[in-house]
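What follows is a single structure, written as structure tokens, with notes after it.
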Amino acid sequence: MQSTTYNNIYTPLPSKPVSYSKTFLTELMVPAFANFDGRIHGGILLSLMDKVAIACAAKHTGSYCVTVSVDEVTFYQPIEVGDLVTLMASVNYVGNTSLVVGVKVEAENVKTGVKKHTNTTYFNLVAKDENGRLKQVPGLVLETMEDIRRFVESIIRKDLKLQHEVAFSTQTKSIDLLNEVQKLKKERCEIGFEL
């Protein structure tokens, strides 16, 4: 098993304000991005969101960053071919070597000027040094009440995620599959072998 090596995690770095690393990306949605329904494929949006999150994180940390996880992704409204999509990213939270970047996505119909919020997602990233080791990230200067709200919500989201992981792990370790099979009768599945 490979051990994780941390680089420069005990020397405090100067904090940077949220506004320093805010990052925007605007892209026209072209037919090549469409799914079979003629709307923009979710995978295209996820790729764009990851790109803007990494750019924002890299600007804050001054180093290469990688995505560790993405919190729940829910698409509230579809995005159409021809829409201008703007992705707005900001650092919401920093740990020691990790940070959370919030990405808000808006689609604008260029003909009507109507804008719609299509989703907001949170990317959990870590900073890496030139040798691929985890690297300390600068602290975060919260400049507005909105920044404070986002930081506090990130702490709550992190705590709830950990609680869910513990509860799920505990529950799945004690599954008695033969007893659980009865629950499957209410589901849309069939068991294709003899129990």
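The values are calculated or read from the model by the stated rules, or taken from the named source; none is laboratory data. In this text the structure is predicted, and so the values were computed from the model without any measurement. Note: ideal-geometry Cβ built from the backbone for every residue, glycine included; neighbour counts use all protein chains shown.
Here are I148, I156: which of them is within 17 Å of the chain's Cα centre (by Cα), more than 21 Å from A55 (Cβ to Cβ) and β-branched (V, I, T)?
I156
For segment 126-143, indicate whether the set of residues that are modelled with pLDDT of 95 or more and closer than 23 Å to T26 by Cα is non-empty. No - not one qualifying residue is present in segment 126-143.
Within segment 86-116, work out how many residues are polar (S, T, N, Q) and at positive phi.
Here the count works out to 0.
Residues in segment 136-195 that are surrounded by 10 or more Cβ atoms within 10 Å (Cβ to Cβ), part of a helix (DSSP H, G or I) and touching a residue at least 12 places away in the same chain (Cβ under 8 Å): D147, R150, F151, E153, S154, I155, R157, K158, K161, V181. Between E106, E27, the distinction of being acidic (D, E) and touching a His at 6+ places or on another chain (Cβ under 8 Å) belongs to E106 only. For the list (1) basic (K, R); (2) under 18 Å from the mean Cα position of the chain (by Cα); (3) under 30 Å from D83 (Cα atoms), I need the number of the one condition that K116 fails. Going through (1) basic (K, R); (2) under 18 Å from the mean Cα position of the chain (by Cα); (3) under 30 Å from D83 (Cα atoms) one by one, K116 breaks only (2).
Mind checking which residues of segment 99-115 are part of a strand (DSSP E or B) and surrounded by fewer than 15 Cβ atoms within 10 Å (Cβ to Cβ)? Answer for segment 99-115, where residues must be part of a strand (DSSP E or B) and surrounded by fewer than 15 Cβ atoms within 10 Å (Cβ to Cβ): just K115.
Could you list, in sequence order, all residues of segment 21-75 that are hydroxyl-bearing (S, T, Y) and modelled with pLDDT of 95 or more? Hits for segment 21-75 are S21, T23, T26, S47, T61, S63, Y64, T67, S69.
Out of segment 28-45, which residues are under 15 Å from H117 (Cα atoms) and in contact (Cβ under 8 Å) with a residue 40 or more places away in the chain? Selection gives I40, L45. Step by step: first the residues of segment 65-98, then only those that are of a type in the set (S, T, Y) and outside any strand (DSSP E or B), then the one that is surrounded by the most Cβ atoms within 10 Å (Cβ to Cβ). Which residue is that? Selected residue: T97.
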